[in-house]
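Below: the structure, in C-alpha cells.
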Amino acid sequence: MTKKHLVFIVNPKSGVERNKIIQNAIGTTLDHDQYTHEVVNTEYAKHGIELAKQAAQKGAFAVVAVGGDGSVNDIANGLDGTDTALAIIPKGSGNGTARTLGIPLDIHAALKVINKGNSIKMDIAFANDRLFISNAGVAFDALIAKKFAKSVRRGMLMYSWLVTKYLWLYKNRTFDIVVDGKALKERAFIVCVCNMQQFGYNFKIAPEASWTDGLFDVIIIRRFPKILGGIVALRAMTGTITKSPYVKFLRAKEVTISNPILKLMQTDGDAHDCEPTIHFKLKPAAQKVIVP
C-alpha cells in the first residue's frame, strides 16, 4: 500500500518545548503504516500560506495546521483550489474552528482523528478577496481581535478582560447591510458574517451555523444596555444568542456591509485594515477537511 504524505506546519513562536511535545506525539501516536510525514516551521507572518501551497504542489495528502485559528486560516489560504486536505491540531488560544468541527484539543486525540482519515468538504468564504473559514466581523469583535493580538498574555482570562473593558468604551456604528439583495440599515454593536459557530473559547456567536450548507449565518447584535453585557455573553456561551431580543439573525448566500469610515475588520480572529465596503461570498464544498 502506498503511504499518504502529511505535512505538519508549526508556528515556532509556540516555543522549543512545545515543538518537542508535538514531535514526540507524532512519533508515538501517528499511524506510520498509513502515513509518511514531515514537520516544517513557519519563519514569518503568512509563511504558512506558502508552505501549504508548496505541500499541495508536491502532492501531500493533507497539510496539518498546528496552531490556532490564524494558523488554520493561513493553511486554508494555501490549499485553496487544490485537492489536498486540511487537518488541524489545535494549539491556539480560542481554537474556534477546531471546537466547531469537533476536533479534540488534546494533541494525541487530534492525531487519532487524522489516523482515521474521515473527511468532509466544507464551505470556504471570502470578504472581498480575503479568504476565511469561520467568521468575519466589522464592529466590536474586530476591535477585540486587534487588542488581543497586541496583548502579551493569552487565554480566556485576558480575552474576557478585554471584552469587559471595551464593552463600556465601544460606540455602536450604523451599517448599511445588503443580505441577498435586501437592504437594511442597522445601528449595531456586532455585525458578524459566519460560516462556523464560534469565535473561540466556546463563545458561540452563530450557534446554528453550518459549514456545509452554502449559506452564511448573519448575526447583528443591536444596541443594548451595557449593563446587560453579561447576559448577552452568557447567551453566547450557552448557544442561545439568536434568541436574544437584541439580536437579528439572517441567512444568506451573499452579504455586503458598508460604512464610510469603516477601516477595521477581523477574519478568523485576525484583525486588519479593510475597505469601507465589504462583499462576502461563499465557495460551497470547496475544501476537504479531516474531521472526527
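The values are calculated or read from the model by the stated rules, or taken from the named source; none is laboratory data. Here the structure is a predicted model, which is why all the values come from computation and not from measurement. Ideal geometry is used to build each Cβ from the backbone, glycine not excepted, and the neighbour counts take in all protein chains shown.
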Looking at region 52-71 only, could you name the residues that are in contact with a helix residue (DSSP H, G or I) (Cβ under 6 Å, 6 or more places away or on another chain) and closer than 22 Å to Met237 by Cβ? Asp69
Those residues of region 52-75 which are small (Gly, Ala, Ser), at pLDDT 95 or above and buried (at least 19 other Cβ atoms within 10 Å of the Cβ) amount to Ala52, Ala55, Ala56, Ala60, Ala62, Ala65
Quick one: how many residues across region 128-147 are surrounded by 23 or more Cβ atoms within 10 Å (Cβ to Cβ), in a strand (DSSP E or B) and of a type in the set (A, V, I, L, M, F, W, C)? 2
Subset of region 248-270 (residues that are of a type in the set (Ser, Thr, Tyr) and closer than 10 Å to Val179 by Cβ): Thr256
Which residues, taken from region 148-181, are part of a loop (DSSP other than H, G, I, E, B) and farther than 30 Å from Lys281 by Cα? Ser151, Val152, Arg153, Arg154, Gly155
Is there a residue being surrounded by 22 or more Cβ atoms within 10 Å (Cβ to Cβ) and among the aliphatic types (A, V, I, L, M) anywhere in region 32-48? no
From the option list Ala55, Ala76, single residue qualifying as farther than 30 Å from Lys146 by Cα and in contact with a strand residue (DSSP E or B) (Cβ under 8 Å, 6 or more places away or on another chain) is Ala55
Residue by residue through region 262-289, note down the ones that are assigned to a loop (DSSP other than H, G, I, E, B) and either within 23 Å of Asp213 (Cβ to Cβ) or in contact with a helix residue (DSSP H, G or I) (Cβ under 8 Å, 6 or more places away or on another chain) (or both). Asp268, Gly269
Restrict the check to region 218-232 and report whether at least one residue is part of a strand (DSSP E or B), among the charged types (D, E, K, R), closer than 19 Å to Ala145 by Cβ and out of contact with any Gly (no Cβ under 7 Å at 6 or more places or on another chain). no
Spot the failing condition for Lys91; the list is (1) closer than 26 Å to Asn24 by Cβ; (2) surrounded by 18 or more Cβ atoms within 10 Å (Cβ to Cβ); (3) modelled with pLDDT of 95 or more, and only one is missed. (3)
Could you list, ordered by first residue, the pairs with Cβ atoms under 6 Å in which the first is in region 140-167 and within 18 Å of Ile219 (Cβ to Cβ) and the second is polar (S, T, N, Q) and surrounded by 13 or more Cβ atoms within 10 Å (Cβ to Cβ), at least 6 apart or interchain? Asp141/Gln266; Ala142/Gln266; Ala145/Gln266
What do you reckon, is Asp180 outside the structural domain of Gly68 (by TED's automatic domain parsing) and on the phi > 0 side of the Ramachandran plot? yes
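Residues checked against (1) modelled with pLDDT of 95 or more; (2) hydrophobic (A, V, I, L, M, F, W, C):
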{"site": "Ala45", "(1), (2)": "no, yes"}
{"site": "Glu50", "(1), (2)": "yes, no"}
{"site": "Asn77", "(1), (2)": "yes, no"}
{"site": "Thr82", "(1), (2)": "yes, no"}
{"site": "Leu86", "(1), (2)": "yes, yes"}
{"site": "Leu101", "(1), (2)": "yes, yes"}
Pairing a residue in region 221-234 that is within 15 Å of Ser160 (Cα to Cα) with any residue that is polar (S, T, N, Q) and surrounded by 16 or more Cβ atoms within 10 Å (Cβ to Cβ), where Cβ atoms lie under 7 Å and the two sit 6 or more apart in sequence or on different chains, gives Val232/Ser244
Tell me yes or no: at least one residue of region 176-197 is touching a Phe, Trp or Tyr at 6+ places or on another chain (Cβ under 6 Å), surrounded by 14 or more Cβ atoms within 10 Å (Cβ to Cβ), of a type in the set (Phe, Trp, Tyr) and within 27 Å of Gly92 (Cβ to Cβ). yes
